[in-house]
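After the structure tokens below, expect a handful of questions from me.
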Amino acid sequence: MQRSVQRLCPAHGADLHHIHLADENRAAPSNGGRADYRAIISDLKALDFKGYLTMEIGFDHRSSDPDRFAREAFDYIKPLIGRP
């Protein structure tokens, strides 16, 4: 997966306006998944990406706490994109 992101970002940089961040199993962005979000964000910064990032998070059971997952993912991504 990572290689395809690194290949596609530079190839389509000017046309990228909206990106969904999602791990292979739709886990919330974090250090625990397979996606290298640090590298992805770094690639996007190198392209001077000014578009939207959304987090695509799946839930594996009804008792999941979507607000907690969203907050943890947001807290993880904020420093990567340079937001306090």
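The values are calculated or read from the model by the stated rules, or taken from the named source; none is laboratory data. What you see is a predicted model, and the numbers here were worked out from it, not measured in a lab. Note that we place each Cβ from the backbone using ideal geometry, even for glycine, and neighbour counts take in every protein chain shown. Side chains are part of the model used for accessible areas, which takes the heavy atoms of the whole protein and leaves out ligands, DNA and RNA. Shrake-Rupley method; radii C 1.70, N 1.55, O 1.52, S 1.80 Å.
With a 1.4 Å probe and every protein chain left in place, work out the accessible area per residue of the chain in Å², rounded to a whole number.
72
Given that just one value was derived from the coordinates, which of (1) -0.42, -0.77, -1.13; (2) -0.59, -0.89, -1.08; (3) -0.30, -0.69, -1.35 is log10 I(q)/I(0) by the Debye sum over Cα atoms at q = 0.11, 0.17, 0.25 Å⁻¹?
(3)
Sort D60, D23 by accessible area with a 1.4 Å probe, largest first. Can you show the working numbers first?
On the way: D60 130, D23 5 Å².
Most to least solvent-accessible, the answer reads D60, D23.
Using amide H atoms built 1.01 Å from N in the peptide plane, name the residues 5+ places from L53, or on other chains, whose amide H lies under 5 Å from its own.
Long-range HN contacts for L53: I19.
Determine how large the accessible area of I40 is when every protein chain is in place; take a 1.4 Å probe and give Å² rounded to the nearest 10.
Surface accessible to solvent at I40 totals approximately 20 Å².
Round to the nearest 10 and report in Å² the accessible area of K45, as given by a 1.4 Å probe over the protein chains' heavy atoms.
Rounded to the nearest 10, the figure is 110 Å².
To the nearest 10 degrees, how steeply does helix 37-46 sit against the main Cα axis of the chain, on a 0 to 90 scale?
30
Roughly speaking, to the nearest percent, how much of the chain's 1.4 Å accessible area is carbon and sulfur?
Ligands and nucleic acids excluded, carbon and sulfur reach 51 percent.
How much solvent-accessible surface does F69 expose, in Å² to the nearest 10, with a 1.4 Å probe and all protein chains in place?
Its heavy atoms expose roughly 50 Å² to the probe.
Also: Mind pulling the angle between the C-alpha long axis of helix 66-81 and the longest principal axis of the chain? Nearest 10 degrees, somewhere in 0 to 90.
30
Could you please report the charge total around P79, scoring K, R as +1 and D, E as -1 over all other residues with beta-carbon less than 15 angstrom from its beta-carbon?
Within the 15 Å Cβ shell, the charges total +3.
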